[in-house]
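The values are calculated or read from the model by the stated rules, or taken from the named source; none is laboratory data. The model shown is predicted, which means the values in this text are computed figures rather than measured ones. For neighbour counting, all protein chains shown are included, and Cβ atoms are generated from backbone atoms with ideal geometry for every residue, glycine included. For accessibility, only protein heavy atoms count, side chains too; no ligands or nucleic acids. Shrake-Rupley method; radii C 1.70, N 1.55, O 1.52, S 1.80 Å.
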Amino acid sequence: MTWLVIAVVGGATIAFKAAGPVLVGNRELPPQVASVVDVLAPALLAALVVTQTVGGDGEIVIDARLAGVVAGGVAVWLRAPLLVVMVVAAATAALIRLF
Amino acid sequence: MPLAVAPLLFGAAFGVLALDAGLGAEGAIAMSATTFGGSAQFAAATILEDGGGAAAAIVAALLLNARYVPLSLAVASIFRGSWRRRAVESQLIVDESWALAGRSGRFEYGVLIGVGLLFYVVWVGGTVLGTLIGDLLDPEGIGLDAAFPALFLALLAPYLRSRRALLTAIVAGAITLVLIPVAPPGVPIVAASVAALIGLRR
(Lines give C-alpha, C1' and ligand atoms only; values in the text may rest on other atoms or scores of the structure.)
Protein backbone atom coordinates (compact mmCIF):
# COMPACT_ATOMS: atom_id res chain seq x y z
CA MET A 1 0.00 0.00 0.00
CA THR A 2 2.81 2.42 0.77
CA TRP A 3 4.23 1.87 -2.73
CA LEU A 4 0.83 2.79 -4.15
CA VAL A 5 1.02 6.12 -2.28
CA ILE A 6 4.58 6.72 -3.48
CA ALA A 7 3.70 5.94 -7.12
CA VAL A 8 0.45 7.93 -7.28
CA VAL A 9 1.81 11.00 -5.47
CA GLY A 10 5.05 10.89 -7.47
CA GLY A 11 3.30 10.44 -10.82
CA ALA A 12 0.73 13.17 -10.16
CA THR A 13 3.35 15.64 -8.94
CA ILE A 14 5.47 15.04 -12.04
CA ALA A 15 2.36 15.82 -14.14
CA PHE A 16 1.55 18.96 -12.09
CA LYS A 17 5.08 20.33 -12.56
CA ALA A 18 5.16 19.50 -16.26
CA ALA A 19 1.70 20.98 -16.94
CA GLY A 20 2.76 24.59 -17.55
CA PRO A 21 6.01 24.00 -19.48
CA VAL A 22 4.58 21.18 -21.63
CA LEU A 23 1.27 22.85 -22.48
CA VAL A 24 2.43 26.46 -22.75
CA GLY A 25 6.21 26.43 -23.33
CA ASN A 26 7.36 27.32 -26.87
CA ARG A 27 4.13 29.22 -27.50
CA GLU A 28 3.20 32.90 -27.36
CA LEU A 29 0.20 33.46 -25.12
CA PRO A 30 -2.67 35.73 -26.13
CA PRO A 31 -2.16 39.15 -24.46
CA GLN A 32 -5.07 38.72 -22.05
CA VAL A 33 -3.81 35.35 -20.81
CA ALA A 34 -0.25 36.71 -20.61
CA SER A 35 -1.36 39.58 -18.38
CA VAL A 36 -2.96 37.10 -15.97
CA VAL A 37 0.14 34.87 -15.97
CA ASP A 38 2.27 37.99 -15.31
CA VAL A 39 0.66 38.56 -11.92
CA LEU A 40 0.49 34.85 -11.01
CA ALA A 41 3.98 35.10 -9.48
CA PRO A 42 3.14 37.81 -6.90
CA ALA A 43 -0.18 36.08 -6.12
CA LEU A 44 1.51 32.74 -5.45
CA LEU A 45 4.40 34.30 -3.52
CA ALA A 46 1.90 36.10 -1.25
CA ALA A 47 0.01 32.82 -0.72
CA LEU A 48 3.25 30.97 0.11
CA VAL A 49 4.25 33.67 2.61
CA VAL A 50 0.87 33.46 4.38
CA THR A 51 0.66 29.63 4.51
CA GLN A 52 4.23 29.17 5.66
CA THR A 53 4.00 31.95 8.27
CA VAL A 54 0.68 31.23 9.98
CA GLY A 55 -0.60 28.06 8.29
CA GLY A 56 -1.31 25.05 10.50
CA ASP A 57 -3.24 21.86 9.86
CA GLY A 58 -6.60 23.48 9.06
CA GLU A 59 -6.08 26.41 11.40
CA ILE A 60 -4.20 29.68 11.78
CA VAL A 61 -1.22 29.11 14.08
CA ILE A 62 0.59 32.12 15.53
CA ASP A 63 4.05 31.06 16.72
CA ALA A 64 7.73 31.93 16.44
CA ARG A 65 7.51 31.79 12.64
CA LEU A 66 5.47 34.99 12.57
CA ALA A 67 8.03 36.88 14.67
CA GLY A 68 10.79 35.55 12.42
CA VAL A 69 9.02 36.65 9.25
CA VAL A 70 8.24 40.10 10.68
CA ALA A 71 11.94 40.51 11.57
CA GLY A 72 12.83 39.28 8.08
CA GLY A 73 10.34 41.80 6.66
CA VAL A 74 12.15 44.63 8.45
CA ALA A 75 15.39 43.39 6.90
CA VAL A 76 13.72 43.40 3.47
CA TRP A 77 12.53 46.95 4.07
CA LEU A 78 16.13 47.95 4.95
CA ARG A 79 17.19 46.39 1.61
CA ALA A 80 19.26 43.64 3.23
CA PRO A 81 20.57 40.87 0.93
CA LEU A 82 18.46 37.69 0.66
CA LEU A 83 20.78 35.63 2.83
CA VAL A 84 20.71 38.25 5.60
CA VAL A 85 16.90 38.30 5.45
CA MET A 86 16.80 34.52 5.93
CA VAL A 87 19.34 34.52 8.76
CA VAL A 88 17.51 37.33 10.60
CA ALA A 89 14.20 35.46 10.29
CA ALA A 90 15.68 32.11 11.36
CA ALA A 91 17.65 33.59 14.27
CA THR A 92 14.60 35.48 15.56
CA ALA A 93 12.40 32.36 15.47
CA ALA A 94 15.13 30.21 17.03
CA LEU A 95 15.72 32.73 19.86
CA ILE A 96 12.00 32.93 20.66
CA ARG A 97 11.80 29.14 20.84
CA LEU A 98 14.72 29.09 23.29
CA PHE A 99 12.75 31.07 25.87
CA MET B 1 25.18 27.36 -1.04
CA PRO B 2 24.05 28.15 2.53
CA LEU B 3 20.55 27.75 1.08
CA ALA B 4 21.26 24.04 0.72
CA VAL B 5 21.42 23.53 4.51
CA ALA B 6 17.62 23.61 4.68
CA PRO B 7 16.83 20.83 2.19
CA LEU B 8 19.60 18.73 3.77
CA LEU B 9 18.07 18.98 7.26
CA PHE B 10 14.44 18.73 6.14
CA GLY B 11 15.37 15.85 3.80
CA ALA B 12 16.94 13.99 6.73
CA ALA B 13 13.87 14.74 8.89
CA PHE B 14 11.69 13.28 6.11
CA GLY B 15 13.88 10.16 5.97
CA VAL B 16 13.37 9.61 9.71
CA LEU B 17 9.61 10.20 9.54
CA ALA B 18 9.27 7.93 6.49
CA LEU B 19 10.96 5.04 8.35
CA ASP B 20 8.55 5.54 11.27
CA ALA B 21 5.66 5.57 8.79
CA GLY B 22 6.72 2.22 7.34
CA LEU B 23 7.79 3.50 3.91
CA GLY B 24 11.17 1.83 4.28
CA ALA B 25 14.45 3.40 3.16
CA GLU B 26 13.83 2.56 -0.52
CA GLY B 27 10.32 4.03 -0.33
CA ALA B 28 11.55 7.23 1.35
CA ILE B 29 14.26 7.75 -1.25
CA ALA B 30 11.92 6.90 -4.15
CA MET B 31 9.39 9.43 -2.86
CA SER B 32 12.00 12.20 -2.52
CA ALA B 33 13.30 11.42 -6.02
CA THR B 34 9.88 11.48 -7.72
CA THR B 35 7.68 13.82 -5.67
CA PHE B 36 10.48 16.26 -4.72
CA GLY B 37 8.15 18.48 -2.69
CA GLY B 38 8.64 18.66 1.06
CA SER B 39 5.19 19.59 2.34
CA ALA B 40 3.34 16.85 0.41
CA GLN B 41 5.87 14.21 1.45
CA PHE B 42 5.63 15.17 5.13
CA ALA B 43 1.83 15.17 4.93
CA ALA B 44 1.63 11.74 3.27
CA ALA B 45 4.14 10.16 5.68
CA THR B 46 2.45 11.70 8.73
CA ILE B 47 -0.96 10.37 7.69
CA LEU B 48 0.47 6.87 7.06
CA GLU B 49 2.24 6.94 10.41
CA ASP B 50 -1.01 7.92 12.17
CA GLY B 51 -2.75 4.98 10.44
CA GLY B 52 -4.84 7.28 8.25
CA GLY B 53 -4.74 5.00 5.22
CA ALA B 54 -3.40 5.24 1.68
CA ALA B 55 -6.34 7.16 0.20
CA ALA B 56 -6.14 9.93 2.82
CA ALA B 57 -2.37 10.20 2.33
CA ILE B 58 -2.74 10.46 -1.46
CA VAL B 59 -5.51 13.08 -1.33
CA ALA B 60 -3.64 15.27 1.16
CA ALA B 61 -0.39 15.10 -0.82
CA LEU B 62 -2.08 15.82 -4.15
CA LEU B 63 -3.94 18.84 -2.75
CA LEU B 64 -0.66 20.21 -1.39
CA ASN B 65 1.16 19.71 -4.68
CA ALA B 66 -1.68 21.00 -6.87
CA ARG B 67 -0.04 24.43 -6.46
CA TYR B 68 2.57 23.26 -8.96
CA VAL B 69 0.01 23.69 -11.74
CA PRO B 70 -0.20 27.50 -11.33
CA LEU B 71 3.50 27.70 -10.34
CA SER B 72 4.58 25.87 -13.50
CA LEU B 73 2.18 27.95 -15.59
CA ALA B 74 3.73 31.19 -14.28
CA VAL B 75 7.24 30.08 -15.26
CA ALA B 76 6.30 28.12 -18.41
CA SER B 77 7.65 30.68 -20.90
CA ILE B 78 11.31 30.09 -19.97
CA PHE B 79 11.22 26.43 -21.02
CA ARG B 80 12.26 25.78 -24.62
CA GLY B 81 12.93 22.79 -26.82
CA SER B 82 10.99 19.56 -27.33
CA TRP B 83 8.08 18.71 -25.04
CA ARG B 84 10.09 15.83 -23.57
CA ARG B 85 12.90 18.15 -22.60
CA ARG B 86 10.43 20.64 -21.11
CA ALA B 87 8.75 17.84 -19.14
CA VAL B 88 12.07 16.65 -17.69
CA GLU B 89 13.40 20.13 -16.88
CA SER B 90 10.10 21.15 -15.29
CA GLN B 91 10.72 18.58 -12.55
CA LEU B 92 13.29 21.01 -11.10
CA ILE B 93 10.47 23.39 -10.18
CA VAL B 94 10.16 23.60 -6.40
CA ASP B 95 8.92 26.59 -4.39
CA GLU B 96 12.47 27.82 -3.72
CA SER B 97 13.96 27.40 -7.22
CA TRP B 98 10.80 28.93 -8.70
CA ALA B 99 10.83 31.93 -6.35
CA LEU B 100 14.57 32.59 -6.72
CA ALA B 101 14.36 32.31 -10.51
CA GLY B 102 11.90 35.21 -10.49
CA ARG B 103 13.88 37.52 -8.26
CA SER B 104 14.60 40.08 -10.97
CA GLY B 105 10.88 40.31 -11.76
CA ARG B 106 11.38 38.11 -14.83
CA PHE B 107 11.99 34.36 -14.61
CA GLU B 108 15.56 33.25 -15.35
CA TYR B 109 16.11 29.77 -16.77
CA GLY B 110 19.66 29.40 -15.44
CA VAL B 111 18.65 30.17 -11.86
CA LEU B 112 15.70 27.77 -11.94
CA ILE B 113 17.80 24.90 -13.30
CA GLY B 114 20.82 25.64 -11.07
CA VAL B 115 18.92 26.04 -7.80
CA GLY B 116 16.56 23.21 -8.75
CA LEU B 117 19.42 20.76 -9.38
CA LEU B 118 21.18 21.77 -6.16
CA PHE B 119 17.98 21.31 -4.13
CA TYR B 120 17.21 18.00 -5.86
CA VAL B 121 20.61 16.49 -5.09
CA VAL B 122 20.64 17.78 -1.51
CA TRP B 123 16.99 16.80 -0.84
CA VAL B 124 17.48 13.22 -2.03
CA GLY B 125 20.90 13.05 -0.33
CA GLY B 126 19.41 14.39 2.92
CA THR B 127 16.69 11.73 2.74
CA VAL B 128 19.34 9.01 2.33
CA LEU B 129 21.26 10.38 5.33
CA GLY B 130 18.08 10.54 7.39
CA THR B 131 17.31 6.87 6.74
CA LEU B 132 20.90 5.91 7.60
CA ILE B 133 21.82 8.03 10.61
CA GLY B 134 18.60 9.74 11.71
CA ASP B 135 18.04 13.44 12.33
CA LEU B 136 21.06 15.60 11.59
CA LEU B 137 19.79 18.65 13.45
CA ASP B 138 16.32 19.93 14.29
CA PRO B 139 15.49 22.33 11.41
CA GLU B 140 12.84 24.15 13.46
CA GLY B 141 15.20 24.50 16.42
CA ILE B 142 17.38 26.77 14.28
CA GLY B 143 14.35 28.62 12.86
CA LEU B 144 14.60 27.33 9.29
CA ASP B 145 10.79 27.16 9.01
CA ALA B 146 10.74 30.98 9.38
CA ALA B 147 13.61 31.52 6.93
CA PHE B 148 11.69 30.40 3.85
CA PRO B 149 8.53 32.50 4.22
CA ALA B 150 10.91 35.44 4.86
CA LEU B 151 12.76 34.57 1.64
CA PHE B 152 9.47 34.49 -0.28
CA LEU B 153 8.55 37.85 1.25
CA ALA B 154 11.90 39.28 0.10
CA LEU B 155 11.28 37.92 -3.40
CA LEU B 156 7.74 39.32 -3.41
CA ALA B 157 8.94 42.84 -2.49
CA PRO B 158 10.28 43.89 -5.93
CA TYR B 159 6.93 43.03 -7.57
CA LEU B 160 5.08 45.36 -5.21
CA ARG B 161 6.34 48.48 -6.99
CA SER B 162 3.64 47.81 -9.57
CA ARG B 163 0.18 48.81 -8.27
CA ARG B 164 -1.46 45.90 -10.06
CA ALA B 165 0.94 43.34 -8.57
CA LEU B 166 0.52 44.94 -5.13
CA LEU B 167 -3.26 44.64 -5.35
CA THR B 168 -2.96 41.04 -6.60
CA ALA B 169 -0.65 40.10 -3.73
CA ILE B 170 -2.99 41.64 -1.13
CA VAL B 171 -6.04 39.83 -2.53
CA ALA B 172 -4.11 36.55 -2.82
CA GLY B 173 -2.85 36.86 0.76
CA ALA B 174 -6.37 37.60 2.00
CA ILE B 175 -7.87 34.61 0.14
CA THR B 176 -5.19 32.36 1.65
CA LEU B 177 -5.75 33.68 5.19
CA VAL B 178 -9.51 33.23 4.97
CA LEU B 179 -9.28 29.70 3.53
CA ILE B 180 -6.60 28.24 5.85
CA PRO B 181 -9.08 27.48 8.69
CA VAL B 182 -11.81 26.09 6.41
CA ALA B 183 -10.10 24.33 3.48
CA PRO B 184 -7.72 21.33 3.44
CA PRO B 185 -4.00 22.30 3.41
CA GLY B 186 -2.86 23.15 -0.11
CA VAL B 187 -6.22 24.39 -1.39
CA PRO B 188 -5.72 28.00 -0.14
CA ILE B 189 -2.62 28.46 -2.35
CA VAL B 190 -4.36 27.14 -5.45
CA ALA B 191 -7.43 29.28 -4.73
CA ALA B 192 -5.22 32.36 -4.28
CA SER B 193 -4.15 32.14 -7.92
CA VAL B 194 -7.63 33.41 -8.79
CA ALA B 195 -6.32 36.80 -7.63
CA ALA B 196 -4.23 36.87 -10.81
CA LEU B 197 -7.43 37.63 -12.75
CA ILE B 198 -6.74 41.19 -11.55
CA GLY B 199 -4.23 41.13 -14.40
CA LEU B 200 -7.19 41.55 -16.77
CA ARG B 201 -7.81 45.08 -15.43
CA ARG B 202 -6.49 47.78 -17.69
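Can you say whether residue B:141 is of a type outside the set (A, V, I, L, M, F, W, C) and modelled with pLDDT of 95 or more, as far as the supplied structure shows? Write out each step before concluding.
On the way: of a type outside the set (A, V, I, L, M, F, W, C): yes; modelled with pLDDT of 95 or more: no.
Taking the combined requirement at face value, the residue does not satisfy it.
Does residue B:90 qualify as being touching a helix residue (DSSP H, G or I) at 6+ places or on another chain (Cβ under 9 Å), farther than 26 Å from residue A:75 by Cα, assigned to a helix (DSSP H, G or I) and at pLDDT below 95? Before you say what the answer is, go through the steps one by one.
Details: touching a helix residue (DSSP H, G or I) at 6+ places or on another chain (Cβ under 9 Å): yes; farther than 26 Å from residue A:75 by Cα: yes; assigned to a helix (DSSP H, G or I): yes; at pLDDT below 95: no.
Criteria not met by residue B:90.
This table checks each residue for (1) facing another protein chain (nearest Cβ under 7 Å); (2) touching an Asp or Glu at 6+ places or on another chain (Cβ under 9 Å); (3) modelled with pLDDT of 95 or more.
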residue	(1), (2), (3)
A:10	yes, no, yes
A:15	no, no, yes
A:30	no, no, no
A:37	yes, no, no
A:59	yes, no, no
A:64	yes, yes, yes
A:71	no, no, yes
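Of all the listed residues (B:88, B:122, B:94, B:75), the sole one being more than 12 Å from chain A (Cβ to nearest Cβ) and of a type in the set (A, V, I, L, M) is B:122. Please go through the stretch B:70-87 and pick out each residue that is of a type outside the set (Ser, Thr, Tyr), open to solvent by 20 Å² or more (accessible area, probe 1.4 Å) and not in a helix (DSSP H, G or I). Of everything in the stretch B:70-87, those that are of a type outside the set (Ser, Thr, Tyr), open to solvent by 20 Å² or more (accessible area, probe 1.4 Å) and not in a helix (DSSP H, G or I) turn out to be B:80, B:81. Consider the stretch B:45-72 and keep the residues that are more than 7 Å from every other protein chain (Cβ to nearest Cβ) and of a type in the set (Val, Ile, Thr). The one that is nearest to residue A:15 (Cα to Cα) is B:59. Could you count how many residues in the stretch B:131-183 are closer than 30 Å to residue B:20 by Cβ and facing another protein chain (nearest Cβ under 7 Å)? Total meeting the criteria: 14.
Inspection of the stretch A:15-24 finds a residue satisfying the criterion of being more than 30 Å from residue B:27 (Cα to Cα) and over 17 Å from the mean Cα position of the chain (by Cα).
Close Cβ contacts (under 8 Å, 6 or more residues apart or on different chains) running from residues in the stretch B:98-119 that are crowded, with 22+ Cβ neighbours inside 10 Å to residues that are of a type in the set (D, E, K, R) comprise B:101/B:108; B:102/B:108; B:119/B:96.
In the stretch B:184-202, the qualifying residues are those that are under 16 Å from the mean Cα position of the chain (by Cα) and within 7 Å of chain A (Cβ to nearest Cβ), and the one that is most open to solvent (accessible area, probe 1.4 Å) is B:185.
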